[in-house]
Each structure stands twice: as structure tokens, then as C-alpha cells.
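Right, one structure below, let's go through it.
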Amino acid sequence: MSSSAGLHPIAVGARVAMLLLVVVLTLVATRDWFQLGWVVLLAVAGLPGVFAARHALAATLSRYAEAVVVGLAAGSVAADTAADTLGAGAAATAATAGAAGAAAGFGAQAVLPYLMVPVLGAALRRRGREGLALLGVAAAALLLGGLVGDPLRPVTEPAYLAAGLLWLVVGAVVTLAADPVRQLMQPLEPTPQPYAEATRLLTQLRSVARSLPGATLDPGGISEHLLEELRSVAPAQRAAVLSASGGGRLGVLAQTGAERVDWETTIDADSALADAWASQQPHTANRSQARSHHGGASALVVPLVAGVRTIGLVILESDAANAYPKDVVDAVTGVTGPAALRLEAALLFDDVRSLATNEERQRLAREIHDGVAQELVMVGYGIDNALATLPEEATETAEDLRTLRGEVTRVITELRLSLFELRSEVDRQGGLAAAIAEYARTIGTSAGLRVHFTFDESTARLPAATEAELLRIAQEAITNARKHAGAANLWVTCEVDPPYAQIEISDDGKGIDGGRPDGHYGLAIMAERAERIRGRLEISPRHPSGTTVAVVLGTPSRRDSVRDSVSAPEGE
């Protein structure tokens, strides 16, 4: 940036105007052109403050130089003015002494207004201490300048001292009052309009999202790409990208390695993960950061920092000793820095999308409950009243009304189940398996299905948006089984080991090939949801009868250890 980049027209204009005022007042007071040399010195002293205003040292020294020159100039001009007065009134003798003292005060007043330039410059930059220091330097220079003079020394004259004190007090008032005045003059910020602001931000988000390379805001995809980049700069037999998932825990977004490992996900424990998260600095360790890995290992934990916030961690591990010297750490941080911004954008977009989706589902649920559902209930009451008032001989009409009443009751039941589905969410404390189990139990009870559960869920959590999509897929599969399969049993399997997950819904009813009318729309919705989270939807027949719908995310674990599983049929 060039030095002229700091020029401010108002600041330059104010200095020039003040210099012209000093020129006029000095000539009026002394009629001595040589005294204008002080004006030249003031202009030279102020040049760094004008052309290097953003340079802290140069601008500060410039202001101190101006304060010194003002004090010395005031003494010189005052002495010259007093000498002229004494010379002009030599014949009048004693009466000229008082006039000379007054002239000394007037001469000082010709230069002292310029003292406000450096003082105000410091005040506008919120440097109150510097402003007071400038006044102290100016006072010392005034005393020193007032010692010069023949036959009269201005420092001995009350008028000179009064003039100096006056402008020092004015400077102190400017210094101390600048900040309160600035706050009073600052226009009040308008009260933010939440919906207008939200519309503006969402519009910007949409534009930015469309302009991103590849138009992707998928946290999992960005994390996998980051691990691919790191593979070329650092050795690692195992690697993972983790992000905050609530409750003081981390969720695994992506990982690589010959075997999937059970990473430590608690950030409030005494570990390299917790240290890196808290300090926002890379940390190395001589032990693995995985609970399932035993034996010696070199580990490097690098925080993903966006602005001032830690959004995740990258873990690299090698079985070799001292695998991560400083040059390797520097190379890794060079890659993770830009990636942190991309990942934060993806995570924020996921949050916004989840909030918007949940709000829309709640809105639809309210509208259905307050609108169509209530109207159908009233229709049912009307049919009941019609049945009660029919004559006994109208048996055929009564039978038709009972059939209609049964159909209305069925539709109301379907609506209530749809409302329950719309309002179902994954509790960040309960987890995905608990949400699926609650939905399956409710649907099973209403449909007379015997539901069997098998859960194998890690303590680590999937991203909230991924869990929400998996829940919706499971809900659709369970609803299809209830409506179309004619089954007696329903098997629900939920296995979660981030970033891997598998949800499987099986029934013993009519299979897809047996004329089961699931419809392509419901299957297409499930496939779209699975694709959105980079998973795959698998539909296959179950032997000896029925259908199995599974959604798989990532690849299964090869760990030998097995977590506690829960397998219990509903009602047992």
C-alpha cells in the first residue's frame, strides 16, 4: 500500500486552514516575515502525520514534534511582539511595560491554536494518554520558549502564562471529552428486523453456495478431500476429521486407514485432543488417540480454526516413532488452514438447512392439525349425528354411513401418525437409535405389529443433519411396511459407528415382487435422502417372505471388539 493511501481530505484541509490562520495571526502580531519560519517548521513536523497517518510510530512522533514547535514558536512570537511594543513606546517609559506584557500574551495566542491539531489527532484515535502527554510536552516547550527574549522574557508575564494555560486547558477538555462526544454524535443503530435480516443473509448464502467450486457444502465430502490432501504431505496409517457434536463430544466426519478405529471423542478429558481444542495449536503425542488401538504410535492433532472458533480436529497417526517433526507439522497446518473455512461453511449450511427443515415440518404439522384434521373430526361427528337420526328401516343407508365413518376414522388415524412423523426429531441427548425406536414403537402399536430392535450405537455421534436424514429414511421404510406389507413382525436394526452407519428395516409381509404397492415416489424420496448424505439405499427381498430396506453410510467396521447390543421384541 502506498503512503498516499492514508490521506484524508478533511484532515489535510483542517491542517492547511490552521496553518493559514497561524500565518495571518503571526503577521498581525509581529509584522515580521521571519517569524513565518515557525509555520514552515510546523508544516514539516506535520508531514508524517498526513502522509503516514496509519504508521503508528511516525504519526505519533509527528504529533509530538508539532507540540514542541508550537510551544517554542509561541515563546518566540510573544517575545518579538513584546519587543516591538517596547521599542515603539520607548519615550513613554513605564506605561509600556504593561503593554508589552499584554502584547506577549497576544503573540502567544497567534500560534497556540495550532496545538489543537496534534491533540485532536490523538483524541480521534482514542489515545487519551497520548493527548495528555502532548499537553505536557507543549507546556514544557512553552516555558522553554518563554525564557528567550530581550529585554523582556515572556515567561515572566502573566498574560503569556494565562494564554498558555488557556490553550492547555482547552486541549485537556478536547482530550477527555472526545470519546463521550463521539458516542453521543454516533447515529443510533436501527432496531434489527429479524425476518428482513434473515432474508438478506439467506439470499447471500444461496448466492455464495452457488458460486463455490463444485457447488458442494457437504461436510463429509470436504473432510474426505482434506484427508486426501494430507496424505501427500504427512505419513499416516490412520487419520480422521472430527467436529463438535454437542455434549462435550466430537463426531467423526471422515476417516481413513486399513482398519476403522474407535477414536477418542471426549474433549473434556486429559488428552492431546482436548489440549489442541483448547489451545488452538497443533499437539503431538507418543500414544494413539484411539480407544481401540494398542501399542506405540506417533499422533498429531491439528485444530481446525475458523476465525477465533475451533470447529474441529484433524488426527494423523503413524506407527513409526517421531513421525511428525516441526516441518511436517507446518506442512499439515498449511493445508488445514484453508480447509477449516470450507468446513465451517459446510457445517453452518447444514445447521441452517436443518433448522429450516425442522421449522417447516413443525409448521406443516400445525397447519394439518388445526386445519384438515379438525375438519375431518367434524365430518366424523356429522356422520355420527346422521346415523343417530336415521329411521330404523333405512338399513342400507346406515350401512353406507358406517362404512364412510370407518373410512373417516382411518384417515384421521393416518393424519395423526403423519403428525407424529412430522414432529419426530433426533434428540441430541438420546441419539438416533432412540428416535427410531420411539417412532417404530408408536407405529407398531397402532398397526398391531410386533417390533424387534437391534441396536449397536457408538458413543460418538454423526452430524446432526446426517442423523436427521437417516431418521426420515427409517420413518418412510417403517410407514411403507405398515401400509403396504400386511406384515405381522417388523425388525429394526440400527448400527452407528461414525462415520459409518447402517439402518435396516425388515418385515415378514408381502415382498416388493409380490404386488406390494409401495410406489416409486416413496422409494425415490428415500434414495434422494440417502444420496444427500453420500449413502446408498438397498432394497432386497427377505426370506422366506417380506422386504428389507437398508441405508448404508460409509464402510463397516473391522474392529474385533463388539459393543453392547440390545435385541428385544416389542412387548416382551
Task: Relative contact order (%) - region 300-426, alpha-carbon pairs under 8 angstrom, separation at least six - done: 22 percent
Open item on the list: Could you compute how much accessible surface V23 exposes when probed at 1.4 Å, giving the result in Å² to the nearest 10?
Closed with: 40 Å²
- [ ] Pairs of Cα atoms under 8 Å, at least six residues apart: use those to get the relative contact order of region 440-516, whole percent.
- [x] 35 percent
Open item on the list: Under the 0.36 nm per residue contour assumption, what length would be gained going from the current alpha-carbon distance of V148 and V170 to full extension?
Closed with: 5.4 nm
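Let's test the formula: R0 of 25 Å, r as the Cβ-Cβ distance of T454 and A524. What FRET efficiency results, to the nearest 0.05?
Efficiency for this residue pair is about 0.35.
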Open item on the list: Per 0.36 nm of contour for each residue apart, how much would the distance between M378 and D319 grow if the chain were fully extended, relative to their Cα-Cα spacing?
Closed with: 14.2 nm
Task: Alpha-carbon centroids, region 454-485 and region 283-340: separation in whole Å - done: 33 Å
Task: Simple spin-label estimate for R200 and I412 in nanometres, 7 Å along Cα-Cβ - done: 4.9 nm
Open item on the list: How much accessible area per residue does region 301-445 have, counting only protein heavy atoms and a probe of 1.4 Å, in square angstrom?
Closed with: 54 Å²
Task: Neighbour cut-off at most 15 other Cβ (10 Å), DSSP loop, GluC sites (Glu not before Pro), region 344-415 - done: E392, E393
TODO: First compute the accessible area of region 354-470 with a 1.4 Å probe, then give the percent of it belonging to carbon and sulfur atoms.
DONE: 55 percent
- [ ] Evaluate the distance, in nm, between pseudo-label points positioned 7 Å from the Cα of R402 and of F420 along their respective Cα→Cβ axes.
- [x] 2.8 nm
- [ ] For M18, M526, write out the residues from largest to smallest accessible area, computed with a 1.4 angstrom probe and no ligands counted.
- [x] M18, M526
- [ ] On the full set of protein chains, 1.4 Å probe, figure out the accessible area of F106 and give it in Å² to the nearest 10.
- [x] 100 Å²
Open item on the list: Quick check: from the Cα gyration tensor, does region 384-465 come out rounded (a/c under 1.5), prolate or oblate?
Closed with: prolate
Open item on the list: For the pair A58/D370, report the inter-label distance in nm, with labels modelled 7 Å from Cα in the Cβ direction.
Closed with: 6.5 nm
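Given a Förster distance of 30 angstrom, what is the FRET efficiency for L355 paired with A278, based on the Cβ-Cβ distance and rounded to 0.05?
Computed FRET efficiency for L355 and A278 comes out at 0.60.
The values are calculated or read from the model by the stated rules, or taken from the named source; none is laboratory data. From a predicted model like this one, the values you see are computed outputs, not experimental measurements. Note that we place each Cβ from the backbone using ideal geometry, even for glycine, and neighbour counts take in every protein chain shown. These accessible areas exclude ligands, DNA and RNA; they are computed on the full protein's heavy atoms, side chains included. Shrake-Rupley method; radii C 1.70, N 1.55, O 1.52, S 1.80 Å.
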